[in-house]
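One structure is given here, and the rest of the page talks about it.
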Amino acid sequence: MADILIKGADTLVTMDDARREIAGGDIRISGGVIAEVGQNLPANGADVVHAKGCVVTPGLVNTHHHLYQTLTRAVPGGQDALLFGWLQTLYPIWASFGPEEMRVSAMIGLSELALSGCTLSSDHLYLFPNGSRLDDTIEAAHEVGLRFHPTRGAMSIGESDGGLPPDSLVEDEAGILEDCIRVVDRFHDASDGAMVRVGIAPCSPFSVSRDLMRDAALLARDKGAMLHTHLAENDEDIAYSLEKFGCRPGQYAQDLGWTGDDVWHAHCVKLDAQEIDLFAKSGTGVAHCPCSNCRLGSGIAPVRQMRDAGVNVALGVDGSASNDAGNLVAEARQAMLLQRVQNGADAMSAREALEIATRGGAAVLGRYDCGQIAVGKRADIAVWDFSGVESAGSWDAAALLLAGPTRVRDLFVEGRQVVRDGQMATIDLPRVIERQNVLARGLMAR
Ligand SMILES: [Zn+2]
């Protein structure tokens with residue numbers, strides 16, 4: 001494959017260790033890796049991508065999603081419900097999914113992410129009805145071309161045991177662990193530049209037993225895989241933890257081995273000062289999901305306090321049943337705005353929010369080979385066209401979050417072009433959208 005030279009960006013926002021921003025910046029990509037960063041680099045036979053009029057950033061990193069939920073956006077019964085009621089509306093619909101629903105919905109979610117600048121996404125799949133498997137989403141990511149960190153989720157406490165999900169959506173715990181081992185052994189790649197890394201991710205502390213939480217942590221450590229779950233999402237969540245476990249979620253996590261730099265928790269809206277301190281000291285990561293928190297009325301996560309304490313914070317769009325969009329650059333804007341609502345206009349700059357969305361996400365996922373534009377890092381790069389109406393008249397690259405655009409012109413993952421001129425270059429997206437809508441209509445008719 002020939003080298004690629006991204007040439008003459010108005011501003012190249014590197015997010016490297018010095019946070020350099022280069023006017024008229026160029027990047028040479030060679031074999032999936034960033035080979036050179038500078039100005040006026042010679043073409044030397046490379047394919048040239050002109051970036052005049054563009055801002056170029058590292059690809060954005062999404063650390064929390066449930067891709068299958070793109071098939072249940074704006075479901076009427078779930079539009080205005082609180083978390084637990086929302087889940088009870090959606091569980092019966094999800095129970096009728098199968099492998100095709102998993103694969104097509106993942107292709108839609110990943111394409112939406114790609115078009116919004118995302119090059120690396122995690123996914124949290126915790127239900128496997130009718131023969132669906134984690135493999136279905138991994139296949140989808142391979143087709144779309146994004147770097148992918150799927151996590152093998154699980155629920156084992158169904159309605160008959162006092163849990164929320166219907167019994168048809170829960171699995172027995174021995175079978176869960178067995179399948180975790182299968183998918184890690186089959187797909188997990190620990191090497192630099194890996195396109196797939198698998199994590200282990202019981203849905204939440206209240207949807208599996210204490211034993212499974214502990215066993216999952218032991219298994220993950222044994223395999224060198226990361227751990228992920230939902231934690232401290234809202235007031236109901238804290239009340240449930242105090243009542244059932246006799247402690248706050250942070251304590252519960254710590255007791256079961258769920259803290260450390262190989263763990264990241266989604267939401268953490270209700271962490272108290274002690275828990276923030278615990279996460280900072282242990283290197284435990286947080287996937288902040290501002291739109292979902294707004295949509296479900298969960299509250300404002302203490303991101304300012306977490307960052308000041310030294311917690312690794314990343315961004316997640318969360319599932320499309322609770323956002324319902326999956327636009328990652330818009331999520332970064334929302335993160336910035338939400339901290340300002342609580343803490344004032346100087347609480348979070350556009351550059352800090354972009355840093356959380358790039359380097360921050362890469363760090364939380366343990367991907368120190370990604371998340372910045374620097375020699376030797378993987379070539380995951382977003383090119384944003386600033387010649388459109390949204391950014392007309394803007395003075396600074398901060399307009400990416402303060403104004404627009406909300407869609408990339410070009411996107412490179414491991415040096416491969418995934419988006420070209422604002423369209424998916426890897427798949428026939430209109431055909432996938434058509435199939436998704438047929439599947440959604442089928443679900444509505446049930
Ligand atoms: Zn979630």
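None of the figures in this text is laboratory data; all of them are computed from the coordinates on show. Keep in mind it's a predicted model, so treat the numbers as computed, not measured. All Cβ positions, glycine included, derive from the backbone under ideal geometry; neighbour counts span all protein chains shown.
Side notes on the structure shown:
- The C-beta contact set for the stretch 363-382 (first residue free of Cβ contacts under 8 Å to residues at least 24 places away in the same chain, second residue aliphatic (A, V, I, L, M) and not in a loop (DSSP other than H, G, I, E, B), distance under 7 angstrom, 6+ apart or interchain) comprises TYR368/ALA362.
- Any pair with Cβ under 6 angstrom, 6 or more apart, that starts in the stretch 33-58 at a residue that is of a type in the set (D, E, K, R) and ends at one that is crowded, with 18+ Cβ neighbours inside 10 Å and part of a strand (DSSP E or B): GLU36/ARG28; ASP47/ILE4; LYS52/GLY8
- Residue match in the stretch 326-347 (condition: within 16 Å of the ligand (Cβ to nearest atom) and among the β-branched types (Val, Ile, Thr)): no
- Subset tally (residues that are surrounded by fewer than 21 Cβ atoms within 10 Å (Cβ to Cβ) and either assigned to a loop (DSSP other than H, G, I, E, B) or in contact with a Leu (Cβ under 8 Å, 6 or more places away or on another chain) (or both)) for the stretch 214-233: 3
- Only a single item in (1) more than 18 Å from TRP264 (Cα to Cα); (2) surrounded by fewer than 24 Cβ atoms within 10 Å (Cβ to Cβ); (3) more than 16 Å from the ligand (Cβ to nearest atom) is not met by ALA353, and it is number (2).
- Count of the stretch 182-202 residues which are touching a residue at least 24 places away in the same chain (Cβ under 8 Å) and either surrounded by 16 or more Cβ atoms within 10 Å (Cβ to Cβ) or touching a strand residue (DSSP E or B) at 6+ places or on another chain (Cβ under 6 Å) (or both): 14
- Residue list for the stretch 8-36, filter: surrounded by fewer than 22 Cβ atoms within 10 Å (Cβ to Cβ), not polar (S, T, N, Q) and not in a loop (DSSP other than H, G, I, E, B): GLY8, ASP10, GLU21, ILE22, ALA23, GLY24, VAL33, ALA35, GLU36
- Selected residue (only one of GLU275, GLU236 is in a helix (DSSP H, G or I), away from the ligand (no atom under 16 Å from the Cβ) and either of a type outside the set (A, V, I, L, M, F, W, C) or on the phi < 0 side of the Ramachandran plot (or both)): GLU275
- Conditions (1) within 12 Å of the ligand (Cβ to nearest atom); (2) more than 30 Å from ASP346 (Cβ to Cβ); (3) surrounded by fewer than 23 Cβ atoms within 10 Å (Cβ to Cβ): number failed by ARG295: (2)
- Subset of the stretch 308-338 [among the charged types (D, E, K, R) and either in contact (Cβ under 8 Å) with a residue 40 or more places away in the chain or within 23 Å of SER105 (Cα to Cα) (or both)]: ASP318, ASP324, GLU331, ARG333
- Scanning the stretch 435-446 for residues that are surrounded by 11 or more Cβ atoms within 10 Å (Cβ to Cβ) and not aliphatic (A, V, I, L, M) yields ARG435, GLN436, ASN437, GLY442.
- The stretch 156-173: number of residues that are touching a residue at least 12 places away in the same chain (Cβ under 8 Å), part of a loop (DSSP other than H, G, I, E, B) and not β-branched (Val, Ile, Thr): 8
- Residues in the stretch 337-346 that are part of a helix (DSSP H, G or I) and over 13 Å from CYS294 (Cβ atoms): ARG340, ASN343.
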